[in-house]
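All of the numbers you see were taken from the coordinates with simple rules; none came from a lab. Given the structure is predicted, the values throughout are model-derived calculations rather than measurements. Using ideal geometry, Cβ is built from the backbone for each residue, glycine included, and neighbour counts are taken over all protein chains shown.
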Amino acid sequence: MKSFAYQKPASAQAAVGMVDPMSAAGQGGAFLAGGTTVLDLMKLHVLTPDSLTDVKTLLPAGIEERDGALYVGAGTTMAAAAEHPAFRDRAPALSDALWKAASPQLRNVATLGGNVLQRTRCPYFRDVASACNKREPGSGCAATEGVNRLLAVLGTSEDCIATYAGDWANALILFDTQVEVTGPEGDRTIAFEDLHTLPGDTPAVETTLGDADLITGYLIDLPDWAWRSVYTKVRDRESYAFAVASAAVALDMEEDTIREARIGLGGVATVPWRARAAEDYLAGKTLTEETGLEAGRIAFADARGWGHNDFKIPLGQQTILRGLMEAAALTREGTQ
Ligand code: SF4
């Protein structure tokens, strides 16, 4: 690992002033909170920052009611949030997605501020000997013609097909969420749906955050029917594995009829993905295997397989059906 300076400011605002923008090549400065992504990538020489600015104890932690919404501090650990009653009882998809992510050790240190910004697991991104437009703009993409079994089929471009790696973001995107950010220009909010950007021809740009912007919290607007929500995750092994395909589903139902459906997809797309056309199709429908499968077909109508990952299209469709059925089976007291 390259030598770097460690600095510990007195406040989040002071931290923002201390961080030099990190270049696409991974130099400059970076924030350190849980450290589960940045230290991992430093050991692989994918990131080689000159300095790390420790914000772990400066970020607000905890979950509380605020202005009619649920406020979540960016310093809240994954483990603390996963077992918090506000998530577990009012929006189980938010809790499920955290329980099904990473290992207990990682969940105990990783924070929700960094969690939504975790980097792709594309093997070529993590191998500095490979061509990768995300790590080294203009160098090419080894994955489009390479081993791409776990890479994306939605939101891809010729320049990058990297899968967004997180779980919680795919559930968070179900709900209207404002991301609270502090930066060199002061404080502002960003709609969560506008946080991540498609790779297009600039895969190194992954979010709408500025170089020295720091996420400090989230304000989540939960509808009163969010208790009927699940996070269904298909993976190669049942523990400590990234999603091959996942579906976050929230349903507002009157008996068997869907008033409103919300579907977030993971493991199949380059960013946290909202399947809005499938949601529109389901509104007013009776949920059956047939309508659930049709929703899956609609959600993947624009998908493109890249060879090894072609199977993700039918798998993703089936994952949506499974998520819909699991959500419909929930009662206020738990699963039927
Ligand atoms: Fe890099 Fe994206 Fe290609 Fe992976 S898919 S090698 S991250 S450019």
extent check for the stretch 186-252: Cα max minus min per principal axis, descending, whole Å, gives 38, 33, 22
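Volume per residue, Å³, of the convex hull around the alpha-carbon atoms of the stretch 1-71?
Working: hull volume 7.8 nm³, N = 71.
For the stretch 1-71, the hull spanned by Cα atoms encloses 110 Å³ per residue.
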Lysines within cross-link reach of LYS312: Cα-Cα under 25 Å, excluding same-chain residues under 8 positions apart? LYS100, LYS134, LYS233
Ranking request for peptides 70-80, 41-51: highest mean number of other beta-carbon atoms within 10 Å first, then the rest in descending order. 70-80, 41-51
Gain in span if fully extended, GLU185 to GLU290, counting 0.36 nm per residue against the direct Cα distance: 32.7 nm
Under the Karplus curve 6.51 cos²θ - 1.76 cosθ + 1.60, θ = phi - 60°, whole-Hz ³J(HN,Hα) for the stretch 29-36, x wherever Gly or Pro sits: x, 8, 7, 10, 10, x, x, 6
Output the Kirkwood hydrodynamic radius of the chain, Cα pairs only, in Å rounded to one decimal. 20.3 Å
Could you tell me the relative contact order of the stretch 225-328? Use alpha-carbon pairs under 8 Å, at least six residues apart, and round to a whole percent. 28 percent
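Which whole-number value in Å³ per residue fits the convex hull of the alpha carbons of the stretch 184-336?
On the way: hull volume 23.8 nm³, N = 153.
Each residue corresponds to 155 Å³ of Cα convex hull volume.
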Could you tally the net charge around GLY183, taking each other residue with its Cβ under 13 Å from the Cβ of GLY183, Lys/Arg +1 and Asp/Glu -1? -4
If you find the alpha carbon centre of the stretch 260-336 and of the stretch 114-138, how far apart are they in angstrom? 28 Å
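Translational D (Stokes-Einstein, µm²/s) of the stretch 133-186 at 25 °C and 0.890 mPa s when Rh comes from the Kirkwood sum over C-alpha pairs?
Working: Rh = 14.0 Å.
Answer, rounded: 176 µm²/s.
Out of the DSSP beta bridges found with both residues in the chain, what percent are antiparallel (nearest 5)? Can you show the working numbers first?
Working: 46 of 54 bridges.
Approximately 85 percent, going by the DSSP bridge assignments.
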The alpha-carbon center of the stretch 146-164 and that of the stretch 41-100 are separated, in whole Å, by 26 Å
What is the extension gain from ASP67 to ARG332, computed as 0.36 nm multiplied by their sequence separation minus the C-alpha to C-alpha distance, in nm to one decimal? 92.9 nm
Please list 3J(HN,Hα) in residue order for the stretch 223-238, calculated via the Karplus relation 6.51 cos²θ - 1.76 cosθ + 1.60 where θ = phi - 60°; whole Hz, with x for glycine and proline. x, 6, 9, 5, 4, 8, 9, 9, 10, 9, 10, 9, 9, 5, 9, 7
I'd like to know how the stretch 128-237 sits against the 2.2 N^0.38 Å rule of thumb: what's its Cα Rg over that expected value? 1.27
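From the Cα trace of the stretch 64-188, what convex hull volume per residue do you get, rounded to a whole Å³?
On the way: hull volume 18.9 nm³, N = 125.
Roughly 152 Å³ of hull volume per residue.
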